[in-house]
Amino acid sequence: MEQFAILIVDDDADVRLAARLALAPHAAHLETAADPGAMRAQLTPGRFDCVLLDMNFALGERDGRAGIGALEAVRNADPALATVLMTSYGAVALAVESLKRGAHDFLLKPWRNDALLAAVRAAARATRAARAGEPLDAMERSAIEKALTRHAGNIAQAAATLGLSRPALYRRMAKHGL
């Protein structure tokens, strides 16, 4: 079984614990941080395969600015490291902005454990491919083709397997001419 090094960053101890429990069987190494400052202290290039990052870190905060700032810190510390952003206050605009700024994926809390694992697995593989110099587009296309084949073309099931929303899968399929 393929295992990954994962960093979970969330101010809610229960969310960190839930993610840890869901991902532990698939993690070679798993660490947590309660805020972006603690996260920055843990980030060194090559240490993690994926960061699971909350978007808001203060009570009542819902705009995602803290998460976007933390995403930039991750990208500055390790440009190859893929990040999955998560929030309870999802909006299409926030998801789009985070993806434009370099997030690998975006999840809403509460998540389904299979969707969480699929998102983290895809992000970790993207990190490893980037570090190995494999073109991400080729890897992404292959993963989409495999998911579609496995689910006999069912977009909803393929998207769930890949940890994507249906619209995100449609966009990526169009990008690859699928």
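The values are calculated or read from the model by the stated rules, or taken from the named source; none is laboratory data. Because the structure is a prediction, the values reported are computed rather than measured. Ideal geometry is used to build each Cβ from the backbone, glycine not excepted, and the neighbour counts take in all protein chains shown. Each accessible area value is taken on the protein alone, full model and side chains, heavy atoms only, with ligands, DNA and RNA left out. Shrake-Rupley method; radii C 1.70, N 1.55, O 1.52, S 1.80 Å.
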- Message: Based on alpha-carbon centroids, what's the gap between segment 56-76 and segment 1-31 in Å, whole number please?
- Response: 19
- Message: Counting only helical runs of four or more DSSP H residues, what would the 222 nm mean residue ellipticity of the chain come to if each run contributes -39,500 (n - 2.57) and the total is spread over all its residues?
- Response: -16000 deg cm²/dmol
- Under 22 Å Cα to Cα from Lys175, which lysines show up? Leave out anything in the same chain fewer than 8 places away. Lys100, Lys146
- GNM on the chain, C-alpha springs below 10 Å: top fluctuator among Ala13, Ala70, Ala58? Ala58
- Query: About its Cα centre, what dipole magnitude does the chain give when the only charges are +1 on Lys and Arg Cβ and -1 on Asp and Glu Cβ, stated in debye to the nearest 20?
  - Reply: 560
- Task: Report the chymotrypsin sites (Phe, Trp or Tyr not before Pro) located in segment 1-102 that are in a DSSP loop and have at most 13 other Cβ atoms inside 10 Å of their Cβ, or state none.
- Result: Tyr89
- Query: At a probe size of 1.4 Å, how large is the accessible area of Glu97, to the nearest 10 Å²?
  - Reply: 40
- Sum up the charges of everything whose Cβ sits under 15 Å from the Cβ of Leu21, counting Lys and Arg as +1 and Asp and Glu as -1, but leave Leu21 out. -1
- Rounded to two decimals, what ratio of Rg to Rh does the chain give with C-alpha atoms and a Kirkwood Rh? 0.94
- Query: Treating the beta-carbon of each Lys and Arg as +1 and of each Asp and Glu as -1, no other charges, what is the dipole magnitude of segment 132-178 about its Cα centre, to the nearest 20 debye?
  - Reply: 180
- Task: Report in % the part of the accessible area of the chain that belongs to carbon and sulfur, leaving out ligands and nucleic acids; probe 1.4 Å.
- Result: 55
- Prolate/oblate/rounded call for segment 91-142, Cα gyration tensor, a/c under 1.5 rounded: oblate
- For segment 1-101, taking Cα atoms only, what is the radius of gyration to one decimal and the Dmax to the nearest whole Å? 12.9, 40
- Where a ≥ b ≥ c are the square roots of the eigenvalues of the C-alpha gyration tensor, would you call segment 129-178 rounded, which needs a/c under 1.5, or, failing that, prolate if a/b is larger than b/c, or oblate? prolate
- Message: Rolling a 1.4 Å sphere over the protein heavy atoms, what is the accessible area per residue of the chain, to the nearest Å²?
- Response: 48
- Springs between alpha-carbon atoms under 10 Å, Gaussian network over the chain: tell me which of Met86, Met139, Met39 tops the mean-square fluctuations. Met139
